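S.K.: Please find one structure pasted underneath; my questions will follow.
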Amino acid sequence: MWSPGPDPGPGPGSGFSLAHILPRHQRPITVMVLLVCLTTRGGGLPPIINIGAIFTEDQRDSAAELAFKYAVYRVNEDPVLLPNTKLMYHIEYVAREDSFHAAKQACRLVGGGVHALFGPTDHLLGTHVHSVCDALDIPHLEARLDMDMHFREFSINLHPSQDMLNRAFMDLMAFLNWTKVAVIYEEDYGLMKLRDLVRQDMELYVRQADPASFRTVLKDIKAKEIYNLVVDTRPDTMRHFLREVLQLQMNDYKYHFVFTTFDMESFDLEDFKYNFVNITSFRIVDAEDMSVREVLKDMEQVLNKTKGIQSEPALLFDAVHVFAIGLQSLEQGHALRLTNVSCSEEAPWDGGLSLINYITAVEHKGLSGPVAFKEGRRVQFKLDLLKLKQHALVKVGEWSPRQGVNITDHEAFFDAGTMNVTLVVVTILETPYVMLRDGHANLTGNERFEGFCIELLQTIAATVGFEYTLQLVPDGKYGVFDLDSGEWNGIVRQLMDKKADLAVGSMTINYARESVIDFTKPFMNLGISILFKVPTTQPTRLFSFMNPLSVHVWMFVVLAYVLVSLTMYVTARFSPYEWRGSLHDAMANHFSIVNCFWFAIGTLMQQGSDLNPRAASTRIVGGIWWFFTLIIIASYTANLAAFLTVERMITPIENAEDLAGQTDIAYGTLEGGSTMTFFRDSMIETYKKMWRFMENKKPSVFVSTYEEGIQRVLQGNYAFLMESTMLDYIVQRDCNLTSIGDLLDSKGYGIATPIGSPWRDKISLVILELQEKGEIQMLYDKWWKSAGSTCLRAEKGKENKANSLGVANIGGVFVVLLCGLAVAMTVAIFEFCYFTRRLTARFEMAFPQPSLCSQIADELCMAVSCDSRPLRHAMAAAV
């Protein structure tokens, strides 16, 4: 029975009792029911179980105290939960941070017959109260954030542990892709709470602040251009913090505040709703759940409260129900024997261990969601992710220990509504990405520009919801780090100085730039390639039919021809089987030196000969020569078709290795671009060698614009190293240019933003959506492959026919033919003259001989008239 405390009636010690809730005419009935229960009840639980609660003085009649009282009332009114047992609460109040009186009040409650203690919610007081409960085996149910991670046997804490909450914050920051964060905490143990965040691999700025220093700390954060903040302040100072944010004009779309409180919905955010500031927090009470709404509705009727419940009252409400369910489970298997314990005697309660074990095994769905414990700590719960929109804080996702963060409303972080925000977009003129329109002098603003990136930017702006103003970068450079000055230039410098919100163009994503600015997901993938002038066509030679075999091969063929002819002659002379005749007549050998050469040339020309070897030795020579000529003719014929029908180019370089291995052809890159940075920082030996060459030639090999590089290539003896997408655009429009070799690397173009910009993730989502829909590919085809703007090249394919042969290809054959005929006629005349002189010398006395010219004229007349041979020819032949 309760002895030290006041009577559990309507008094300061008992606070909220049945008399406060039930009408006056029902109180006698209730008292009679209690008396019946006291006298007639049997079973595992006593009819009345006393529980105690400790609140701080500033919590007197607070929402937490009322929720505790209402929870006891609901348990007692539940006909199923504890039908034969009633809970009787006793409340004590202590000053905040007065740990001595807190422990003293705990001893007073325990000594008066309380067998379970709830609270306090202050972390310092709670530690001392628990030491009392742990010494006396009294279950201690808490609803506070406990920084001590060690297991405590008789403690049941319904508040999620800080390591779990830190996981939730880390998952959220990972989803938001934060790289630069400011952490503001108010209480001394705030840094202990957020210690896991501080260990993260990101740029952190941690400051402690109170209402007197909120403005100073926020000014420093604003000056450092940090736009992502994690704020851990006390609820009673939240109003001061929000006011300082407004006064410093940090309530716009650039800033994103993540608050650690579960009760962000209870604060007035009216001044923040329409400035598009990003405010995010978690809540543990899902007010949209039907069971929660029924409890809150009943609570409003009983307590005349119209506002929603906060996290601390909800956790105390669930703590009472968890205790009641634990009693219910114990009742089914054991009898609970209540005995008075005292701090002075230090004798623990025998039934405390059994009761705490049953409470630890409870699984319940309360106002704070699913409840389950492990070693006294809550391991099952669900946090709702809230995001401020124009009308209110709305649920946009969930977090749980098992599943992590789950965003259900991506538009909360990717608002497609019109935000009436005008961004400064810096760009650089580069065909076909960004170009000036025809007649741009008569146009103003964004209408002056056109191109692939301009249309992409228009689509993104319409989807995300912002206006923009295009500006050209003053120095006309993309941005490279100057090793001498230690500064960035170009577009990168503009973004670092916050002179622009976005940068759109053919801007390459690389490590150096990513370290000082942010990039969206790449909208185009590419690599470095080599632009070179189309090689000149090999001039057609008159004797091009000689090309299938090299000069050395032709020389060896001629030598083989002579060697075989002489070998045939010698062999035929040695072999007796090649001599013909009888013993009475002179022996003759048909393989004279002239016939041997004739036999060899006839075989080589695949025409045969009237001379046939008879001896085995000469046949061997002939057979080997035939095999040789077969291979040579077949090889020549096969190679001749390719040499006569395929147009051959003279290509001095085929890849980067060829380019690096020579010095006759100069090569360079765009000055101040990512390609230049790639070669400067590369560790590959070939590219290092190329960079040394370019650096020694500087500034002659570097160009300020792509147009200048293209003109140098067209002039000849120069190769331009550039991005493959730009190269494709140029090559398709100028048939005098071509690409050499494969890609030297792999990278992408992205839209650049300052570090920590809230627009990066929003634009990245749009880029991914456009890629999946194929809209970016359609834009690419429009600006790269538009009909009428590309040059017509000779297509290479299987269906193409071979080039027809002209006189230039095979004219040498006709020259050889004419030369052969001329030589034959010359030899015929020589033979005629020689023959006539011999004939004149032999028959000069017998026949009168006309002049040589007369004889030639007679022979021509005879040849034309096709007459038979005159007598003197027959006589000369006989001679």
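S.K.: How many of the residues making up the range 664-690 are of a type outside the set (Asp, Glu), buried (at least 18 other Cβ atoms within 10 Å of the Cβ), at negative phi and not in a strand (DSSP E or B)? Please lay out each step first, then the result.
M.R.: To start, the set of residues in the range 664-690 that are of a type outside the set (Asp, Glu) comprises 665-670, 672-680, 682-684, 686-690.
Remaining after also requiring buried (at least 18 other Cβ atoms within 10 Å of the Cβ): 667-670, 672-679, 687, 690.
In the following step, the residues that additionally are at negative phi were identified as 667-670, 673-679, 687, 690.
Going one step further and asking which of them are not in a strand (DSSP E or B), we end up with 669, 673-679, 687, 690.
So the answer is 10.
S.K.: Tell me which residues, restricted to the range 515-548, are farther than 30 Å from Trp178 by Cα, open to solvent by 20 Å² or more (accessible area, probe 1.4 Å) and modelled with pLDDT of 80 or more.
M.R.: Across the range 515-548, the qualifying residues are Lys533, Val534.
S.K.: Return the total of residues in the range 610-620 being open to solvent by 20 Å² or more (accessible area, probe 1.4 Å) and either of a type outside the set (S, T, N, Q) or over 14 Å from Tyr569 (Cβ atoms) (or both).
M.R.: Residues of the range 610-620 that are open to solvent by 20 Å² or more (accessible area, probe 1.4 Å), as a first pass: 610-612, 614, 616-617, 619-620.
With either of a type outside the set (S, T, N, Q) or over 14 Å from Tyr569 (Cβ atoms) (or both) added as a condition, the list becomes 610-612, 614, 616, 619-620.
Going through the range 610-620 one residue at a time, the tally reaches 7.
S.K.: Sort out for me the helices (runs of 4 or more DSSP H) sitting completely within the range 413-519 that have 1 or more residues that are over 21 Å from the mean Cα position of the chain (by Cα) and of a type in the set (Lys, Arg).
M.R.: The qualifying helices (runs of 4 or more DSSP H) are 490-496.
S.K.: If a residue counts only when it is in contact (Cβ under 8 Å) with a residue 40 or more places away in the chain and buried (at least 19 other Cβ atoms within 10 Å of the Cβ), which helices (runs of 4 or more DSSP H) contained entirely in the range 140-242 have at least 1 such residues?
M.R.: Passing ranges, in order: 162-176, 190-193.
S.K.: Within the range 497-511, track down each residue that is open to solvent by 20 Å² or more (accessible area, probe 1.4 Å) and either of a type in the set (Phe, Trp, Tyr) or in contact with a Gly (Cβ under 9 Å, 6 or more places away or on another chain) (or both).
M.R.: Of everything in the range 497-511, those that are open to solvent by 20 Å² or more (accessible area, probe 1.4 Å) and either of a type in the set (Phe, Trp, Tyr) or in contact with a Gly (Cβ under 9 Å, 6 or more places away or on another chain) (or both) turn out to be Ile509, Tyr511.
S.K.: Additional query: Any residue at all in the range 119-132 that's among the aliphatic types (A, V, I, L, M), without any contact (Cβ under 8 Å) to a residue 60 or more places away in the chain and either surrounded by fewer than 23 Cβ atoms within 10 Å (Cβ to Cβ) or not in a helix (DSSP H, G or I) (or both)? Steps first, answer last, please.
M.R.: Here is the first cut: in the range 119-132, the residues among the aliphatic types (A, V, I, L, M) are 124-125, 129, 132.
Checking the rest, the ones that are also without any contact (Cβ under 8 Å) to a residue 60 or more places away in the chain come to 124.
Of the ones still in play, those that are also either surrounded by fewer than 23 Cβ atoms within 10 Å (Cβ to Cβ) or not in a helix (DSSP H, G or I) (or both) are 124.
Scanning the range 119-132, I find at least one residue that is among the aliphatic types (A, V, I, L, M), without any contact (Cβ under 8 Å) to a residue 60 or more places away in the chain and either surrounded by fewer than 23 Cβ atoms within 10 Å (Cβ to Cβ) or not in a helix (DSSP H, G or I) (or both), so the answer is yes.
S.K.: Identify all residues within the range 67-102 that are under 14 Å from Thr121 (Cα atoms) and in a helix (DSSP H, G or I); write none if there are none.
M.R.: Listed by number, the residues that qualify are Ala67, Phe68, Ser99, Ala102.
S.K.: Looking at this structure, is Leu316 modelled with pLDDT of 85 or more, part of a helix (DSSP H, G or I) and open to solvent by less than 50 Å² (accessible area, probe 1.4 Å)?
M.R.: yes
A quick yes/no check of all residues on (1) touching a helix residue (DSSP H, G or I) at 6+ places or on another chain (Cβ under 6 Å); (2) open to solvent by 50 Å² or more (accessible area, probe 1.4 Å); (3) at pLDDT 85 or above; (4) hydrophobic (A, V, I, L, M, F, W, C):
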{"residue": "Arg293", "(1), (2), (3), (4)": "no, yes, yes, no"}
{"residue": "Gln301", "(1), (2), (3), (4)": "no, yes, no, no"}
{"residue": "Lys307", "(1), (2), (3), (4)": "no, yes, no, no"}
{"residue": "Ser311", "(1), (2), (3), (4)": "no, no, yes, no"}
{"residue": "Leu327", "(1), (2), (3), (4)": "no, no, yes, yes"}
{"residue": "Ala335", "(1), (2), (3), (4)": "no, yes, no, yes"}
{"residue": "Val341", "(1), (2), (3), (4)": "yes, no, yes, yes"}
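S.K.: Give the residues of the range 563-609 that are in a loop (DSSP other than H, G, I, E, B), open to solvent by less than 20 Å² (accessible area, probe 1.4 Å) and at pLDDT below 75, sorted by residue number.
M.R.: As a first pass, look at the range 563-609 and keep what is in a loop (DSSP other than H, G, I, E, B): 575, 581-587, 590-592, 605-609.
With the extra rule that they be open to solvent by less than 20 Å² (accessible area, probe 1.4 Å), the set shrinks to 575, 591.
Scanning the range 563-609 gives a single hit, Ser575.
S.K.: Would a scan of the range 655-663 turn up a residue that is in a loop (DSSP other than H, G, I, E, B), open to solvent by 70 Å² or more (accessible area, probe 1.4 Å) and not assigned by the TED database to the domain that holds Arg513?
M.R.: yes
S.K.: Condition check: modelled with pLDDT of 90 or more and out of contact with any His (no Cβ under 9 Å at 6 or more places or on another chain). Does Leu443 satisfy that?
M.R.: Spelling it out, it is not the case that Leu443 is modelled with pLDDT of 90 or more and out of contact with any His (no Cβ under 9 Å at 6 or more places or on another chain).
The values are calculated or read from the model by the stated rules, or taken from the named source; none is laboratory data. None of the values given here were measured: they were computed from a predicted structure. FYI the Cβ positions are ideal-geometry reconstructions off the backbone, even for glycines, and counts take in every protein chain you see. Side chains included, ligands, DNA and RNA excluded: accessible areas come from the protein's heavy atoms. Shrake-Rupley method; radii C 1.70, N 1.55, O 1.52, S 1.80 Å.
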